[in-house]
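Written out below as structure tokens is the structure these notes cover.
The values are calculated or read from the model by the stated rules, or taken from the named source; none is laboratory data. Predicted model only: the values in this text are computed from it and were never measured. Please note: Cβ atoms are built from the backbone with ideal geometry, for glycine as well, and neighbour counts cover all protein chains shown.
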Amino acid sequence: MNEKLLLLGDEAIALGAINAGLTGVYAYPGTPSTEITEYIQHHPLARERGLHSRWCANEKTALEAALGVSYIGKRALVCMKHVGMNVAADAFVNAAMTGVNGGLVVVAADDPSMHSSQNEQDSRFYGKFAFVPILEPSSQQEAYDMTSEAFDLSERLGVPVMMRITTRMAHSRAIVSVGAASEQTPMRMPSSPADWILLPVNARRRYLSLLETYDRAAEYASSRNLCVDGPDRSTGIIACGIGYNYVMEHFTDDACRDAPQPRFSGAMPHPLLRITHYPLPVEAIRRMAAECGRLLVVEDGQPFVEEQVRGVLPSAAVVAGRLSGELPRVGELTPDNVRAALGLGPLQGAGPCPLVVPRPPALCAGCGHRDLYNVLNEELRNYPEAKVFSDIGCYTLGALPPFRAIDSCVDMGASITMAKGAADGGLHPSIAVIGDSTFTHSGMTGLLDAVNSNSPITVVISDNLTTAMTGGQDSAGTGRLEAICQGLGVDPAHICVVVPLPANMGQIREILRRELDHQGVSVIIPRRECIQTLKRKL
Amino acid sequence: MKLDIILAGVGGQGILTIATVIGEAALAEGLDIKQAEVHGMSQRGGDVHSGLRISDGTIWSDLIGRGMADAVISLDPMEALRYLPWLKPDGWIAANSAPFKNIPNYPDEQALLDELRRRHGTVMVDADAVAREAGASRSSNIALLGAASVRLGLPYGQLEEGVRRVFAHKGAAVVEANLRAMNAGKNGAHI
């Protein structure tokens, strides 16, 4: 008997993985993917079975560990936000080259509109680039069902499978009907061990095999994508993942109340191809193009499908979507922009209220980063040339008023390496501000570079003992940051730990002044627990 | 039955808890639900909203589009007005009249309240005050839900059951405090 649960898309994937006989989840926190791993961490069956669910240092270590699980014949899940794919890319592309033994599913959670990200890259490009099949659920129920399908497919084809979701799938709840949990797969070594040694002689053979597998993946995808016929062939619709929902939303009576003519009554008026499985079903698209005057591509993220559709059709074919302007080139799909793309007029709402002003996010009251930026701003008044290279985390909010304390935020770990480069080129003082979790994610190797060239930089590791931005997950280096810095070769005399509180401003300023003048690598660690994780303990 | 609600407020005020309680009540009524949440950077003291869709038919979109919402339920008066373009012409607002001021340029309070009262069918409550008077000062969100319950069209008993289920893991005292807050909100609502 199936149980009905109200689950986030993320949670549906997590439960789908547990019930598919998962052995471990490997991940670094990142919005909107974090809740997948958290759900597994707290699930009773996952605990009873002792499934691995501890956070990893970064997405690359996560994917490699999961590949190790796969090597011994067991099932592993890897979860990350879209930019995590950049960090894991080396492992991801080469995991397709080795192939997998136990099922390996990589969830990439994209964030179009950049609700909590620095870009809106589309992970489907990585899937195509690596010759990895992609599943993109259009509902939370499919997210649950497709996770198990993805593990089966991964084992059947012998390659990793990507599950691609976007923010609105990850962070929307719906009722999901869930079944019973399967047993975990037993340990079973690879039948072709040489596949895993990517020396050129093996890699060349594996590459041919991977390309052949991709053809089989395309055949499978063609059999799985839904084709619906409709009487109005002026337009055929290709809707990907949750894009399908926004299309269907407008073919209900209520949605059409303001339409010039109430043409739709709950039935799909146009031929529709719903893409939930990639590689793209090229033949189905060619057939639709032959039958319909024009094709409309509705996809969340970048025009990944639209570009390919244009490539497989004769140049006379009319293709509408993000590239042709029917949908916006940037930002996520919404019921509003899909409605416009379908040629329906806007629904009538009230005009915006002129009294309303923006309310941007800000550092919490009582947060240690606030004290750090206050003292940094004070001291840097004496150094008008100073630049502060910062990083990804809550402390990025230090860019906003009233602080305006940082000059950069690029990618995980870039604060230290950019400060190094600027110092190498003659900037003084050159300062890096990085969080504890970001430091262990991707800052340590950069610090080693700085030590090796004795770059005159001051690295501030603002340690709140957690991964705060994503909701307070464990941080990989907690309690060991000084030892890590020493181990990387930073002179212990220039590793200073302070407590960022208003009462300590004088002391911190003195240390800061001394270290800014040091002609080598200094590390200052302001350490005070995140106010949010602290509150939860009260 | 079809109800599209935008829940609004400031990160940390507890709009998701309101959504969860309404969701529980709708689930018990055998209705379909979709609820789009906000996580991540926007939670840090910025404006947040969540779309809650309830229907006895299929719900497709996870998001509520402009002109689609039947109701806006907001823990702050200005945040209620932010979502006017999403409200149907006959849609209604339930708002906490006590402002959450964490920005230097928060608009004139009286002007906001006048604007809300001017709109037909607005439900207003000083959720902070009624929750405090009910001995549940941390339950402004549930007090606001109590006020909104007057117009929601879901059985009040199901909302009470929802509160019991959602807060059960925090113990009987917390459950009781929230039930008191919800009732105080219902009684303190100005329509």
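Please identify the pairs in which a residue from segment B:103-119 that is facing chain A (nearest Cβ under 8 Å) has its Cβ atom under 6 Å from the Cβ atom of a residue that is surrounded by 11 or more Cβ atoms within 10 Å (Cβ to Cβ) and modelled with pLDDT under 95, counting only partners at least 6 apart or on another chain.
Close Cβ pairs satisfying both conditions: B:Ile103/A:Arg359.
What pairs come up if the first residue lies in segment A:483-508 and is closer than 14 Å to A:Thr458 by Cα, the second is of a type in the set (Val, Ile, Thr) and not in a helix (DSSP H, G or I), and their beta carbons are under 6 Å apart, counting only those six or more places apart or on different chains?
Hits for this filter: A:Cys485/A:Ile495; A:Cys485/A:Val523; A:Val490/A:Val521; A:Val490/A:Val523; A:Ile495/A:Val523; A:Cys496/A:Ile524; A:Val497/A:Ile525; A:Ile508/A:Val498.
I need the full set of residues from segment A:477-495 which are surrounded by fewer than 17 Cβ atoms within 10 Å (Cβ to Cβ) and of a type in the set (A, V, I, L, M), in order please.
Scanning segment A:477-495 gives A:Ala483, A:Ala493.
For segment A:130-239, give me every one of the helices (runs of 4 or more DSSP H) that falls completely inside it and has 3 or more residues that are crowded, with 22+ Cβ neighbours inside 10 Å and touching a helix residue (DSSP H, G or I) at 6+ places or on another chain (Cβ under 7 Å).
Passing ranges, in order: A:140-157.
Look at A:His52 and say whether it is in contact (Cβ under 8 Å) with a residue 12 or more places away in the chain, in contact with a strand residue (DSSP E or B) (Cβ under 7 Å, 6 or more places away or on another chain) and surrounded by fewer than 23 Cβ atoms within 10 Å (Cβ to Cβ).
Here the answer is yes, as A:His52 does meet what is asked.
Look at A:Arg47 and say whether it is basic (Lys, Arg), surrounded by fewer than 24 Cβ atoms within 10 Å (Cβ to Cβ) and not in a loop (DSSP other than H, G, I, E, B).
Spelling it out, A:Arg47 is indeed basic (Lys, Arg), surrounded by fewer than 24 Cβ atoms within 10 Å (Cβ to Cβ) and not in a loop (DSSP other than H, G, I, E, B).
Give the residues of segment B:65-94 that are more than 7 Å from chain A (Cβ to nearest Cβ), more than 22 Å from A:Pro361 (Cβ to Cβ) and among the aliphatic types (A, V, I, L, M), sorted by residue number.
B:Ala69, B:Ala71, B:Ile93, B:Ala94
Among A:Leu313, A:Leu272, which is surrounded by 21 or more Cβ atoms within 10 Å (Cβ to Cβ), under 28 Å from A:Leu135 (Cβ atoms) and either among the hydrophobic types (A, V, I, L, M, F, W, C) or assigned by TED's automatic domain parsing to the domain that holds A:Asn245 (or both)?
Working: A:Leu313 fails: surrounded by 21 or more Cβ atoms within 10 Å (Cβ to Cβ).
Exactly one residue qualifies, and that residue is A:Leu272.
With A:Gly443, A:Gly471 as the choices, which residue is touching a residue at least 24 places away in the same chain (Cβ under 8 Å) and more than 30 Å from A:Pro384 (Cα to Cα)? Give the steps one after another, and end with the answer.
Details: A:Gly443 fails: more than 30 Å from A:Pro384 (Cα to Cα).
Going through A:Gly443, A:Gly471 in turn, just one is touching a residue at least 24 places away in the same chain (Cβ under 8 Å) and more than 30 Å from A:Pro384 (Cα to Cα): A:Gly471.
Listed residues A:Gln507, A:Gln532; which is closer than 16 Å to A:Glu379 by Cα, of a type in the set (S, T, N, Q) and not in a loop (DSSP other than H, G, I, E, B)?
Only one candidate qualifies: A:Gln507.
Search segment A:347-376 for residues being touching a helix residue (DSSP H, G or I) at 6+ places or on another chain (Cβ under 8 Å) and not in a loop (DSSP other than H, G, I, E, B), and hand back the single one that is surrounded by the fewest Cβ atoms within 10 Å (Cβ to Cβ).
Only one residue fits best here, namely A:Asn374.
Looking at A:Thr445, A:Thr417, A:Thr396, which is the one that is farther than 17 Å from A:Leu380 by Cα, modelled with pLDDT of 95 or more, within 14 Å of chain B (Cβ to nearest Cβ) and surrounded by fewer than 24 Cβ atoms within 10 Å (Cβ to Cβ)?
On the way: A:Thr445 fails: within 14 Å of chain B (Cβ to nearest Cβ); A:Thr417 fails: within 14 Å of chain B (Cβ to nearest Cβ).
Among A:Thr445, A:Thr417, A:Thr396, only A:Thr396 is farther than 17 Å from A:Leu380 by Cα, modelled with pLDDT of 95 or more, within 14 Å of chain B (Cβ to nearest Cβ) and surrounded by fewer than 24 Cβ atoms within 10 Å (Cβ to Cβ).
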